[in-house]
């Protein structure tokens with residue numbers, strides 16, 4: 001986030017005030033002295049700014065920041081923006097921030113944009129090289145397609161084909177019938193295929209595998225989980241893009 005801010009402003013402030021975020025502070029050494037975390041120390045060393053840490057429970061030292069957060073929340077996030085992905089929300093917020101630069105604050109002689117240009121003129125220049133803000137560790141994916149990082153589990157994208165399905169673990173599944181379905185005859189006949197079974201029996205894996213097999217001859221496939229499909233339908237009905245008919249769903253997807 002800080003790297004993007006520096007790139008947006010085209011420079012680096014000489015001093016930046018921070019709250020005592022655990023991602024930045026490893027140990028308290030005094031009123032304003034801190035032992036910084038390794039990741040934050042790398043950021044400071046790359047951009048060469050002076051970090052200033054506020055004292056604990058001294059809201060007066062960061063009053064302007066608290067006010068900006070409140071203003072942004074009330075003006076940019078109320079009512080709650082309706083977006084599908086975080087990137088779309090970020091684009092909306094960027095446009096609103098650019099528009100807000102035309103606002104003139106009480107007691108100021110110029111707009112925020114003009115005052116910002118004066119500040120940027122005094123900034124330190126950006127370093128020549130890019131800062132790698134990623135943290136890289138080696139790990140492995142579990143049988144549930146999860147990887148563990150910092151005591152949290154994260155899902156990883158996995159293409160589930162029929163070649164990787166363990167039919168021996170589910171002897172009740174008719175493997176010959178599944179292979180027959182991969183030919184796509186039921187699609188040509190516009191027949192429904194229902195996969196019924198208890199949780200953990202591989203229904204989603206089979207559905208994904210059949211969908212993947214249907215793509216091979218050049219068919220177009222739209223895959224949803226039941227929860228994802230219902231959520232998408234409710235969103236489209238709420239936005240007025242779907243009237244309940246299959247034709248409107250095809251044209252709006």
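The values are calculated or read from the model by the stated rules, or taken from the named source; none is laboratory data. Bear in mind the structure is a predicted one, so any value in this text is a computation, not a measurement. In this analysis, Cβ positions are derived from the backbone assuming ideal geometry, glycine residues included, and neighbour counts consider all displayed protein chains.
In table form, for the structure just shown:
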| quantity | calculated |
| --- | --- |
| Unmet criterion (only one of (1) under 17 Å from residue 5 (Cα atoms); (2) at pLDDT 90 or above) for residue 132 | (2) |
| Evaluation of residue 194 against (1) on the phi > 0 side of the Ramachandran plot; (2) modelled with pLDDT of 85 or more (one fails), failing number | (1) |
| Test: residue in segment 88-100 that is within 30 Å of residue 15 (Cα to Cα) and in a loop (DSSP other than H, G, I, E, B) | no |
| Qualifying residue in segment 66-82 (condition: modelled with pLDDT of 90 or more, loosely packed, with under 10 Cβ neighbours inside 10 Å and closer than 25 Å to residue 18 by Cβ) | yes |
| Selection within segment 29-54 - over 23 Å from residue 130 (Cα atoms) and exposed (fewer than 14 other Cβ atoms within 10 Å of the Cβ) | 29, 30, 31, 32, 33, 35, 52 |
| Breaking point among (1) out of contact with any strand residue (DSSP E or B) (no Cβ under 7 Å at 6 or more places or on another chain); (2) surrounded by 12 or more Cβ atoms within 10 Å (Cβ to Cβ), for residue 149 | (2) |
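This table checks each residue for (1) under 30 Å from residue 216 (Cα atoms); (2) assigned to a helix (DSSP H, G or I).
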site: 104; (1), (2): no, no
site: 113; (1), (2): no, yes
site: 128; (1), (2): no, no
site: 144; (1), (2): yes, no
